[in-house]
Amino acid sequence: MNQYDAIVIGAGHNGLTNGAYLAKAGLKVAVLERNPYIGGATVSRELHKGWWYSNCSYVSSLLRPEITRDLELPRHGLQVVSFGGGATFMRNGDHFGNYSDHDRHYREMARHSKRDANAYDRYAADTSLQTKLIRPYLMRTPPDPTSMKPRDLRDLLEFARSFMDLGEEKLLDTIKFWTASVGDYLHEYFETDVIKAHMAGSGIIGTALGVYSPGTAYVLLHHYMGDVDGNVGAWGFARGGMGAIADALSKAFQSYGGEIICDANVDEIIVKNGQAAGVALKDGTEYKAPIVVSNLDPKRTFLDITNPSDLPKDVLKKARNFKIRGSSGKLNIALDGLPVFNGLDPRNRLMAGDLHFSDSLERQERAYDDWKAGTWSKDPYLDMMIPSLTDPTMAPPGKHMMSVFVQYAPPKVEGREWTDEDKDGFEKSVIDQISNYSPNFRDLILHCETRTPREIEAEVGLTEGNIFMGELTFDQLLFNRPFPGYAQYRSPIKGMYMCSSGTHPGGGVMAAPGANAAREILADLKRPNTVPGGYADD
Amino acid sequence: MSDISRDTMLLTTPFHSRVEAMCDLNDWGNWMGYTTPNAYFDVELEYFAVRSTTGVFDLSPMNKYRVTGPDAQRYLDRLITRDVSKIGIDRVGYAIWCDDNGQIMDDGTIFRLGEQDYRICSYQRADDWLAWNKLGFDVTIDNESEAVAGLAVQGPTSCTVLTLLGCTDLNQLKPFGIAHYTFEGQPMMVSRTGFTGDLGYEVWVPPETAEALWDQLFDRGHDYLIKPIGSYALELARIEAGFLQANVDFMPAEEVVRVGRTRSPFELGLGWLVDFSKPLFNGRAALLKEQANGSRYRFAMLDVEGNKPAEHSFILKGDKQVGTVTSAAWCPTAKANIAYAQIEMPHGAVGDELVAEIYYQRELHWTRLLAPCKVIDAPIFKSPKRWQTPAPPH
Amino acid sequence: MTDYDAVIIGAGHNGLVCASYLAKAGKQVLVVDGRNEPGGCASTREFTPGFNVSDCAQWLSQFDQSIVKDLDLKGAGLRLGKAKATISLQPDSDHLILDGDHVTGAGIDAVDQAAYRDFRKMVRSFAKLMTTLYRSRPPKLVEQNWTDRLTLMKLGLHLKLLGRERLRDLMRIVMINIYDVMNEHFTHTALKSTIALEAVTGTNMGPRSPNTVYSYLHRATGEHLGQTGTTQVIGGMGALGKTLASAAEKQGATLKLGAAVTAIVKTDDRVSGVKLASGESISAKVVISSADPTTTFRDLLGYHQMEAGMAKRAEHYRSRSGTAKLHLALSALPTFSGLSDAQLAERLVITPSMDNMERALNPMKYRELSDLHTFDISIPTAEDPELAPAGQHILTAIVHYVPFSPDIGWETGRPQLMSQLLSELESYAPGIGSLVTASELVVPSDFEASHGMTGGSWHHGELSIDQALMMRPFPGSTQYATAVDGLYLCGAGAHPGGGLQGLPGRNAAKEILKRGALS
């Protein structure tokens, strides 16, 4: 009975996407999930009665529109709604607001610096150029630059050409951008600390680097390259929380005949004669299939659920050296009402966006210093949202749900495992910071779920609690993701594949890795491709 | 607490109360973040006010930068492509500025107010670029955009109207000249400049006297048939008169995302503003190279057959698409169908015969029209009044 | 008619090398420098009566051997000491000794010893590859001509020769940090931090900063070019400066010392010469600056003489540094726990673990003084007693991380830092404090003042990837030519960058000759 054409391990968004495209091609597919619920890090959970938490990922922009449309996710119940606004609250009682309207945004920036407000247009143009370079490669398999295969050579040539077309100066600027720190990059445009700090946040979220670490300018780009309804760089909420994405994907998958099996904790991938043959669960159950796709991160895939004797030594070494660093935590808070920050009217539309309290690059860098020293940031960088201002299903009327993403939290505290006391200390540093700017915040808290890297790893299975399943640094991007030579979704074992965020194009709720992997699997099976190509760039 | 109902509204200019009172059509647009009228009562009639009587346009949202200090002239000479020293005191010069690649960032007017005292009036904001240009120069740049309110007073009776307002001997003012007056105890500057190609002036006052200026202007001008005009009428006049506009006829270089979408002065027919006898200005090296190697595009003013404006048209040479139209209009005074186009080299030389592929819709029915057109060397509309001194009375 | 074919600003090693090559090709060359001694960073200074210290660079390891040969520097009297081992001092006096491919001591095991050999082998293969790039002008990628294409083809060939796995290794590690690479290769804490120290020397980066692998490879490439090992120059580093000066003069170049350039002069649209502090003007077909890019463009040429976009790029060029130098005059040879007197002639380094190096770095970022430092120590008198009065000694050390100017000011900060450094030294060399007869601390802002290095940056600008190779110093002024006609760069701010290599000077001379700029 337990015989399938393909087994996907992990019912996160990439696993479900991968399963959906394989099932759509006519394969008999099972997606196995360790938890009693699906979604992985794309979940909505009612952890306080009446309040729904997107308790891992919390906003959507990167989800590829090609996939949304092709898998008919709206028909399966997905509704992504844009949000606007956002602000960084300052120590001097002021704030910097991020208005979605261009003119209003200009005026708000000009209130801090007319020069910066004007430079923003230059910044937007230069950054758009970079997103335009990378977006066409999201729905594609990265070419192997060391390969001589016609397909790789052709793709590489095309890749190179898109860069050469920029001309010498813009090409060098592009290389500079890809290798620079977000702090230095922003310094080339802006003079005002709070404006730089507001933007620099996107360069460090989910990343074990500081605002002055080279390579963080790219991370910024990773947060800009998505879109909502063609609005590049815009972000939205999935109505009902991020779980709505996983739900819609699961329905799409099931509509093609796929099967989801929960409470199925995979112990090992079964390999026979160098060929994947299925998986064995911790409870001893076996599922057989000639195709096994791991949606776990590369470390778990190769070091936990694959027998080392089935793997070449270099892959074991590469998996061990793969950088997947816990750098963040999360608080999910049920609120009795809306907090007031720095005297800003809570009805102000800025409140519906991402809110922060780091008003200088130096504060962000010091937060990173704490992480380097093995402790959580005493003055953390927060990416805080109140989705219930946009989505009425998240909390009872008049009440609110607050999602607080916290940068930085180390995978281990000064070299040892997290304790409950550490967790309390971490929670306190976050609540204290918010309270510094909001006098009524503390009294509004009805329930708080605190997640350090320890909880994220234990519940979701992300190694070290790394949200991107591997650092987004250049050594682990494109043809280097997860490692050089294995960036085309194939593992060294025949029939075994990878489809997680640990593969190209990386983390965030994008679903592209799952889709790209399916395309490669179908090609190996010589089956017709069911995966859509990327939309052409304009 | 901030007033959230007003929080995202557009700003209003110092003339707004008066503009709003006259804006019968209640048709508003957004210019530089300001609420500005697209049309007051009838676009066609507003246009004819400019050509036959006097039209008044609220210029206040224009960006104004004051450049002062010992290096002011040297600073501007490096910034813009023409020779700034040739602009005398109380004179205005039309100018363009480029980036280092010789691509146009914006055009505007330079007002020389003193020995080392200039005002740049530009369509685009330029705070960032002007600040970068300050490196190495002893100058002060002040953004005066909000401190100076402006009205364009344009048309055959404009000199008379302004003279009645107290602008003594204004008829003696030469084109691109500046005259200074006092109005309501405040300074009032009048320059013989404009964007319509007709006799016309621009009047600059502090915001406090803006409403009084409007009131008295319309009072004195009543018998000379003064009318307010909105953006649509001005657009018609400027196309007829041969003026280019940023974001319409070219993209400001620094805001361009896609490779190859910027334009050089030569490619916009503005080579006459480039003075290579200056040893240094932004874009000089690149423009010298372009002059030697040739441009990619040519700006062409087209006289299109028929009466259907060639808006957004493709331009064909035979079967080949060689360009696109950036601005087009049927010009009511010249009685000509004019279009500006970007034509790929080597096409588009004066006299070249091309075809405009025009699409127009009547009662939901779309028609494709292949209209022959010819490249002309200058605008068909030419008002001698624009250049006459003393200015004619009407 | 111009006074000279070329005027070179700065008689540092790169300026002198450039002058020599140009003069050798028969060109009339003048080198001008505000200092009274030639050599720039290759200088020796009597910091207290009788004590002559290499007051900036102290080790020679990277000087390109082709230059040594081309200019016959040995014939001109250049004498190097013996290749030195690196001894990484440990608190328990069981020191780690790195000598060539061998590493011993400090309880290092065979696994790490073998790993070290493999690591060196890998680094050498990368360094060999980079040599191609370092000995050429940096190729343009889009507007390539045949020279660039040839360089790129050679590079491609060498990449191919690396083999697929090595190539993949290179692709992966070149942009990352030395911290991760060390942890991937070794388990021995002191070995990791000793190698990491090489990667951060002369920079403002910590081991965790991406780009530190590149800066390590930069150094390794230098060693590949130099082939001498780490050595000291007999007579102090100033002897290298003097040798290069006499080599340049021998080739026919003219040196004018004590003649500071105050301005690069432009006539019409091109550079036509320089103006000296004396008021004298010198005309030339080209001006070649070995000063750092900020000094060259901002201070000497002036931003007002460039197009604004280029001025903006120059202004964004980063030259932060956390490098200081400590000079001590000692009444006798000091005693270091666990070291023989003979070993004092080697290179001694003190470095905490990589994590603690990061901790040591943090205060610098916020303009504060640290309570922990790294030391790269030379006791030059152990090999070359002439540098100090008989029986007395000099200790000179490169120290990290020191802020450019601390918020408390150097007046307060300098004695504070001096006593901090001495107390750190004391724990490895008990009693050294009592031997000190004179001392001097040279902080980054001092280097800026004395050697004209903006930000005190030894590399004439940070060697991060976005300012390296074909991006050095910035797009539009690469390949030694600048955006201003007649103005060229030949200093460490040009490709391939900092360190006593001489290649920027040599490459620039070749490029200028090839362009026919002097004919």
Is one or more of the residues making up region A:57-76 away from chain B (no Cβ under 14 Å), open to solvent by less than 40 Å² (accessible area, probe 1.4 Å), touching a residue at least 40 places away in the same chain (Cβ under 8 Å) and over 29 Å from A:Phe468 (Cα atoms)? no
Does region A:25-40 contain any residue that is at pLDDT below 95, open to solvent by 20 Å² or more (accessible area, probe 1.4 Å) and out of contact with any helix residue (DSSP H, G or I) (no Cβ under 7 Å at 6 or more places or on another chain)? no
Checked region B:68-83 for anything within 14 Å of another protein chain (Cβ to nearest Cβ) and either among the β-branched types (Val, Ile, Thr) or within 20 Å of B:Gly197 (Cα to Cα) (or both); matches are B:Ile80, B:Thr81
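Yes/no matrix, rows are residues, columns are (1) modelled with pLDDT of 95 or more; (2) charged (D, E, K, R):
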residue	(1), (2)
C:Tyr428	yes, no
C:Val442	yes, no
C:Ser445	yes, no
C:Gln467	no, no
C:Ser477	no, no
C:Ala483	no, no
C:Cys490	yes, no
C:Asn507	yes, no
C:Lys510	yes, yes
Region A:188-198: number of residues that are within 19 Å of A:Tyr381 (Cα to Cα) and either within 11 Å of another protein chain (Cβ to nearest Cβ) or in contact with a helix residue (DSSP H, G or I) (Cβ under 6 Å, 6 or more places away or on another chain) (or both): 4
If you check B:Asp198 against the conditions, is it farther than 30 Å from A:Ser128 by Cα, of a type in the set (D, E, K, R) and in a loop (DSSP other than H, G, I, E, B)? yes
Single condition C:Arg45 does not satisfy, out of (1) within 19 Å of C:Leu487 (Cα to Cα); (2) touching a helix residue (DSSP H, G or I) at 6+ places or on another chain (Cβ under 9 Å); (3) part of a strand (DSSP E or B): (1)
Filter result for A:Phe357 (open to solvent by less than 20 Å² (accessible area, probe 1.4 Å), among the aromatic types (Phe, Trp, Tyr) and under 25 Å from A:Arg45 (Cβ atoms)): no
Could you please tell me which pairs satisfy a Cβ distance under 8 Å, a separation of 6+ or placement on different chains, a first residue in region C:1-18 that is under 21 Å from C:Gln501 (Cα atoms), and a second residue that is acidic (Asp, Glu)? C:Ile9/C:Asp33; C:Gly10/C:Asp33; C:Ala11/C:Asp33; C:Gly12/C:Asp33; C:Gly15/C:Asp33
Filter region A:329-347 down to the residues that are surrounded by fewer than 19 Cβ atoms within 10 Å (Cβ to Cβ), of a type outside the set (D, E, K, R) and either without any contact (Cβ under 8 Å) to a residue 60 or more places away in the chain or away from chain B (no Cβ under 14 Å) (or both) and list them by number. A:Gly337, A:Pro346
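Conditions tested, residue by residue: (1) closer than 23 Å to A:Leu27 by Cα; (2) surrounded by fewer than 22 Cβ atoms within 10 Å (Cβ to Cβ); (3) over 24 Å from the mean Cα position of the chain (by Cα); (4) not assigned by TED's automatic domain parsing to the domain that holds A:Ile493.
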site	(1), (2), (3), (4)
A:Asp267	no, yes, yes, no
A:Ile270	yes, yes, yes, no
A:Gln275	yes, yes, yes, no
A:Ala289	yes, no, yes, no
A:Val292	yes, no, no, no
A:Asn295	yes, no, no, no
A:Thr301	yes, no, no, no
A:Ile305	no, yes, no, no
Return the pairs, sorted by first residue and then second, in which the second residue is at pLDDT 95 or above and open to solvent by 70 Å² or more (accessible area, probe 1.4 Å), the first residue lies in region B:376-394 and is farther than 12 Å from B:Gly197 by Cα, the beta carbons are less than 9 Å apart, and the residues are 6+ apart or on different chains. B:Ile376/B:Val350; B:Asp377/B:Val350; B:Thr389/B:Gln172; B:Thr389/B:Lys174; B:Pro390/B:Asp169; B:Pro390/B:Gln172; B:Ala391/B:Gln172; B:His394/B:Tyr224
Restricting region A:137-168 to residues that are open to solvent by 50 Å² or more (accessible area, probe 1.4 Å) and in a loop (DSSP other than H, G, I, E, B), the residue that is nearest to the other protein chains (Cβ to nearest Cβ): A:Asp165
Considering residues of region B:92-137 that are of a type in the set (D, E, K, R) and open to solvent by less than 10 Å² (accessible area, probe 1.4 Å) only, the residue nearest to the other protein chains (Cβ to nearest Cβ): B:Asp128
Looking at region C:467-483 only, could you name the residues that are more than 12 Å from chain A (Cβ to nearest Cβ) and open to solvent by 10 Å² or more (accessible area, probe 1.4 Å)? C:Ala481, C:Thr482
Scan region A:469-490 residue by residue and report those that are open to solvent by 10 Å² or more (accessible area, probe 1.4 Å) and either more than 11 Å from chain C (Cβ to nearest Cβ) or touching a strand residue (DSSP E or B) at 6+ places or on another chain (Cβ under 9 Å) (or both). A:Met469, A:Tyr486, A:Gln488, A:Arg490
If we scan region B:70-80, do we find a residue that is within 26 Å of B:Pro252 (Cα to Cα) and of a type in the set (Lys, Arg)? yes
Open to solvent by 10 Å² or more (accessible area, probe 1.4 Å), away from chain C (no Cβ under 14 Å) and over 22 Å from the mean Cα position of the chain (by Cα): is that true of B:Asn171 in this structure? yes
Where in region B:1-91 are there strands (runs of 3 or more DSSP E), lying wholly inside it, with at least 1 residues that are surrounded by fewer than 16 Cβ atoms within 10 Å (Cβ to Cβ) and among the small types (Gly, Ala, Ser)? B:27-31
Test each condition in (1) more than 24 Å from the chain's Cα centre (by Cα); (2) surrounded by fewer than 20 Cβ atoms within 10 Å (Cβ to Cβ); (3) not in a loop (DSSP other than H, G, I, E, B) for C:Asp446 and report the one that comes out false. (1)
Note on region B:268-281: residues of a type outside the set (Ser, Thr, Tyr) and within 17 Å of B:Ala95 (Cβ to Cβ) are B:Leu268, B:Gly269, B:Leu270, B:Gly271, B:Trp272, B:Leu273, B:Val274, B:Asp275, B:Phe276, B:Lys278, B:Leu280, B:Phe281
For C:Ser378, are the conditions met, namely being of a type in the set (S, T, N, Q) and in contact with a helix residue (DSSP H, G or I) (Cβ under 6 Å, 6 or more places away or on another chain)? no
Going through region C:335-389 one residue at a time, which ones are among the polar types (S, T, N, Q) and away from every other protein chain (no Cβ under 14 Å)? C:Thr335, C:Ser337, C:Ser340, C:Gln343, C:Thr351, C:Thr374, C:Ser378, C:Thr381
Restricting to region A:77-122, count the residues that are away from chain B (no Cβ under 13 Å), small (Gly, Ala, Ser) and surrounded by 21 or more Cβ atoms within 10 Å (Cβ to Cβ). 1
Out of C:Ile87, C:Ile97, C:Ile108, C:Ile9, sole residue that is closer than 17 Å to C:Ala508 by Cβ and at pLDDT 95 or above: C:Ile9
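The values are calculated or read from the model by the stated rules, or taken from the named source; none is laboratory data. In this text, all values refer to a predicted model and were calculated from it rather than measured experimentally. Ideal geometry is used to build each Cβ from the backbone, glycine not excepted, and the neighbour counts take in all protein chains shown. Just the protein is used for accessible areas: all its heavy atoms, side chains included, with ligands, DNA and RNA removed. Shrake-Rupley method; radii C 1.70, N 1.55, O 1.52, S 1.80 Å.
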